[in-house]
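First up is the structure itself, then whatever we jot down about it.
The values are calculated or read from the model by the stated rules, or taken from the named source; none is laboratory data. Model, not experiment: these values are computed from the prediction. Because the Cβ atoms are built from the backbone with ideal geometry, glycine has one as well, and the counts that use them run over all protein chains shown. Accessible surface is based on the protein model in full, side chains and every heavy atom, while ligands, DNA and RNA are left aside. Shrake-Rupley method; radii C 1.70, N 1.55, O 1.52, S 1.80 Å.
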Amino acid sequence: MKSLKIVAFLLCFVMFFCACSGQNFEKVEIDWSKGEETMLKEGGFAPRVYTLKNGRMIAGYETVHGIFTKISDDNGKTWDLEAKASFCPAFNCANINFFQQGKNLYMAYRATGKTEKGYYTSLQVSVSTDNGENWKKHSVVSEALDENGNLHGVWEPFLQILNDELICLYANDSRLVTNYQNIEYKVFKNGEWKNRTVISEGEKHLSRDGMPVMTRLKSGEYVCVIESSKYTNEGNPFVLQMFWSKDGKQWSEPVDVYRPNANGSKAAAPGIVQLPSGQIVISFQTDEDSDEKGDSFSVMKTIYTDIKALEQISAASFSKPQKVFSGDDGLSVWTGLWYSDKALFAAAGTKKGAELKRLELW
């Protein structure tokens, strides 16, 4: 009997210890003025970051010589071990995205350029089996050729797990497919990318739906954010929209989550993460604060919400937009967003190069 009492006491102690030691992530107010900016690569562009299963972080950025990566083993405070990660030297390589599955760390990117036969676009994947220290060519997700030389094809790959399968999400405006632009994905099976599936049809929305990013919420639901040209005729070339799925098969219609506050302005190049607090954070670039319009006058901003029911989400659900990077140079574009170990990371191309901003939240 005495031994049973001791066992019961120990079990209660263990349960009490686990409950007390568990992390409680309260809702936060995001204040980028408290973040620290880091230059990944002077002259680099459009960086992205990602956390590996072993805690190491990988960053990628574009250069005139292709895509390169760096590694951080202190949660993004310092970066080194630069490595070449793209393998299409004849083409412009951009739109980096990382995902790890098992021992394989994948990096998707687009390779585009003019050829004798027309304008070529493709979605390429590189792989690293040593946690980002070395890379090799892996596969081609999709490719297209516009024989008229127009800039139509496949764009902006985004790797994710959907219903336990590795997928590559992307935008497709190939004129063999649509007169607008679709959000689609393919599944990686038996060494090949197969089963092209449309989850947002541009022609149905009369919109050039593009630059998809996706995350799976703690609830198990999938959320996708895109840029939409739905309001082009009303003065906004692009706005941000969100759609979602409870099962990864049936998808909602897109709803507006951010529309610029100035006529002629756009919100584009989204990123999305969910914090441990449950809050959803979205990043984007916008020229709404500039009298001059276009990517050259755009800056990175974020909005966030703590709403729980996706069916209730609208633009009114989100906080006011906040500029991320300091300084008055007026450029922080082709943005990315990531969360790792109590820190939120913003990534953008600036006039200086490929930069990160790291904000401790708890």
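For the reader, a short list of remarks on this structure follows.
- Filtered residue count, region 232-242, keeping only those that are surrounded by fewer than 21 Cβ atoms within 10 Å (Cβ to Cβ) and closer than 21 Å to residue 302 by Cβ: 1
- Residue check, residue 170 touching a Ser or Thr at 6+ places or on another chain (Cβ under 8 Å), within 19 Å of residue 334 (Cα to Cα) and in a strand (DSSP E or B): yes
- The conditions of being of a type in the set (S, T, N, Q) and either over 28 Å from residue 41 (Cβ atoms) or in contact with a helix residue (DSSP H, G or I) (Cβ under 7 Å, 6 or more places away or on another chain) (or both) are met by residue 305.
- Total residues in region 158-182, condition aliphatic (A, V, I, L, M), in contact (Cβ under 8 Å) with a residue 40 or more places away in the chain and touching a Leu at 6+ places or on another chain (Cβ under 9 Å): 4
- Residue identified as more than 25 Å from residue 281 (Cα to Cα) and hydrophobic (A, V, I, L, M, F, W, C) among 94, 90, 46: 90
Yes/no matrix, rows are residues, columns are (1) at pLDDT 95 or above; (2) closer than 22 Å to residue 232 by Cα:
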| residue | (1), (2) |
| --- | --- |
| 279 | yes, no |
| 282 | yes, yes |
| 304 | yes, no |
| 312 | no, no |
| 322 | yes, no |
| 327 | no, no |
| 332 | yes, no |
| 339 | yes, no |
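- Residue 98 being open to solvent by less than 40 Å² (accessible area, probe 1.4 Å) and either more than 18 Å from the chain's Cα centre (by Cα) or in contact (Cβ under 8 Å) with a residue 24 or more places away in the chain (or both): yes
- On inspection, residue 53 does not qualify as at pLDDT 95 or above, of a type in the set (D, E, K, R) and touching a Pro at 6+ places or on another chain (Cβ under 9 Å).
- Note on region 291-314: residues that are in contact (Cβ under 8 Å) with a residue 60 or more places away in the chain and assigned to a helix (DSSP H, G or I) total 1.
- Residue in region 294-307 that is open to solvent by 30 Å² or more (accessible area, probe 1.4 Å) and of a type in the set (Lys, Arg) present: no
- Hits in region 110-132 (condition: in a strand (DSSP E or B), of a type in the set (Lys, Arg) and exposed (fewer than 15 other Cβ atoms within 10 Å of the Cβ)): 114
- Qualifying residues in region 133-153 (those that are among the acidic types (Asp, Glu) and farther than 25 Å from residue 44 by Cβ) - the one surrounded by the fewest Cβ atoms within 10 Å (Cβ to Cβ): 147
- Qualifying positions in region 80-92 - surrounded by fewer than 22 Cβ atoms within 10 Å (Cβ to Cβ) and not polar (S, T, N, Q): 80, 81, 82, 83, 84, 87, 88, 89, 90, 91
- Among residues of region 324-344 that are without any contact (Cβ under 8 Å) to a residue 40 or more places away in the chain, those with a Cβ under 8 angstrom from a residue that is of a type in the set (Lys, Arg) and assigned to a loop (DSSP other than H, G, I, E, B), sequence gap 6+ or separate chain, pair up as 329/351; 329/352; 331/351.
- Within region 308-318, the presence of a residue that is open to solvent by less than 10 Å² (accessible area, probe 1.4 Å), over 22 Å from residue 28 (Cα atoms) and among the charged types (D, E, K, R) is excluded.
- Residue match in region 45-59 (condition: over 18 Å from the mean Cα position of the chain (by Cα) and assigned to a strand (DSSP E or B)): no
- Region 17-42, subset part of a loop (DSSP other than H, G, I, E, B) and open to solvent by less than 80 Å² (accessible area, probe 1.4 Å), residue modelled with the lowest pLDDT: 22
- Taken over region 253-290, the criterion of being outside any loop (DSSP other than H, G, I, E, B) and under 12 Å from residue 321 (Cβ atoms) is satisfied by 257, 258, 267, 281, 282, 283, 284, 285, 286.
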